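Here the structure is laid out as structure tokens; the discussion comes afterwards.
The values are calculated or read from the model by the stated rules, or taken from the named source; none is laboratory data. Keep in mind that what you see is a predicted model, and the values were worked out from it rather than measured. Cβ: placed from backbone, ideal geometry, glycine included. Neighbour counts: every protein chain shown. What goes into the accessible areas is simple: the full protein's heavy atoms, side chains included, and nothing from ligands, DNA or RNA. Shrake-Rupley method; radii C 1.70, N 1.55, O 1.52, S 1.80 Å.
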Amino acid sequence: MTAPRAALREQVERNVDSIRARIRSAGGDRRDVQLVAVTKGFGPDVVEAVLAAGVKDTAESYAQELVAKAAVVPDARWHFVGRLQTNKVRQLAPVVHLWQSVDRPELAVELRRRAPGAHALVQVNVGAERGKGGCDPEEAPGLVDQLHQSGIHVAGLMAVGVAGSPEAARPGFRRLAELADRLKLAERSMGMSDDLEVAVEEGSTMVRVGRAIFGSRPSSPSGRGPARRWV
């Protein structure tokens, strides 16, 4: 192993240990709170590093990146966490382990066609934020029913905390947990680098962490978005 790769693995392992400690300090348990490493903007070496640190579940927001990395690192369990377009389902179906961002009926139809029996979470916009993915909380029960009727296994719900301080996200996380309880769904995917403690305190069973493991995503030369860093 080259020195840069060894250093990367050591740093990722330290950061994963730190995240585990944060989860424990918030009252969570490693067996009860699943850590999903979000690798978007980085190359397959970070995927290999996080697998070596004991994190099996990795996530992407962009279809092209997920498919490319899955071809290089087939041992990861891939989650899709970004805004899901119906025309990307066919491309993603062979490699996605959990569809975390299902938020409208059209996706139920396409998943039935392209990924029968898939496992999914329904994304809920708990903060009623414009431009953010997720269905309205009132629409979630109907969408869950439609997915079940389409042969899709709905494991739980997912939410992105509202922008601002970690405490600002607490009401939304609490609402998601209450909704999951009402629908008798076990999984609550909520909490990221800045607000995972609040999410765990409110009953998260799955946190999605990128920056706190890998650092900030590098910017592209144009400044218009993240660059793909194939380290």
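Can you tell me which residues in region 50-64 are open to solvent by less than 10 Å² (accessible area, probe 1.4 Å), in contact with a strand residue (DSSP E or B) (Cβ under 6 Å, 6 or more places away or on another chain) and not in a helix (DSSP H, G or I)? Passing the criteria: V55, D57, T58, A59. Scanning region 109-131 for residues that are buried (at least 16 other Cβ atoms within 10 Å of the Cβ) and within 19 Å of the chain's Cα centre (by Cα) yields a count of 12. Please work out which residue is least open to solvent (accessible area, probe 1.4 Å), limiting yourself to region 191-223 and to residues that are without any contact (Cβ under 8 Å) to a residue 24 or more places away in the chain and not hydroxyl-bearing (S, T, Y). It comes out as G215. Cβ-Cβ contacts under 7 Å between residues 6 or more apart (or on different chains), taken from a first residue in region 179-190 that is open to solvent by less than 50 Å² (accessible area, probe 1.4 Å) to a second residue that is among the aromatic types (F, W, Y), are listed as M190/F173.
Could you give every pair whose Cβ atoms fall below 6 Å, whose first residue belongs to region 99-114 and is in contact (Cβ under 8 Å) with a residue 12 or more places away in the chain and outside any helix (DSSP H, G or I), and whose second residue is buried (at least 22 other Cβ atoms within 10 Å of the Cβ) and of a type in the set (S, T, Y), counting only separations of at least 6 or pairs across chains? Matching pairs, first to second residue: Q100/S189. Within this structure, G54 passes the test of being modelled with pLDDT of 95 or more and on the phi > 0 side of the Ramachandran plot. In region 10-47, which residues are among the charged types (D, E, K, R) and farther than 15 Å from E65 by Cβ? Matches in region 10-47: E10, E13, R14, D17, R20, R22, R24, D29, R30, R31, D32. For region 179-231, a residue qualifies if it is at pLDDT 95 or above, over 22 Å from G127 (Cα atoms) and of a type in the set (D, E, K, R), and exactly one does: R211.
Step by step: first the residues of region 132-172, then only those that are of a type in the set (V, I, T) and closer than 21 Å to P105 by Cβ, then the one that is most open to solvent (accessible area, probe 1.4 Å). Which residue is that? Top of the filtered list is V160.
From the set of residues in region 65-103 that are open to solvent by 70 Å² or more (accessible area, probe 1.4 Å), touching a strand residue (DSSP E or B) at 6+ places or on another chain (Cβ under 7 Å) and modelled with pLDDT of 95 or more, which is farthest from Q34 (Cα to Cα)? It comes out as H97.
Every condition in (1) open to solvent by less than 10 Å² (accessible area, probe 1.4 Å); (2) closer than 15 Å to A212 by Cβ holds for V47 except the one numbered (2).
Considering region 2-44, and only residues there that are in a strand (DSSP E or B) and aliphatic (A, V, I, L, M), the residue that is surrounded by the most Cβ atoms within 10 Å (Cβ to Cβ) turns out to be A37. Residues of region 19-28 that are over 13 Å from G54 (Cα atoms) and in contact (Cβ under 8 Å) with a residue 60 or more places away in the chain: R22, I23, S25, A26, G27, G28.
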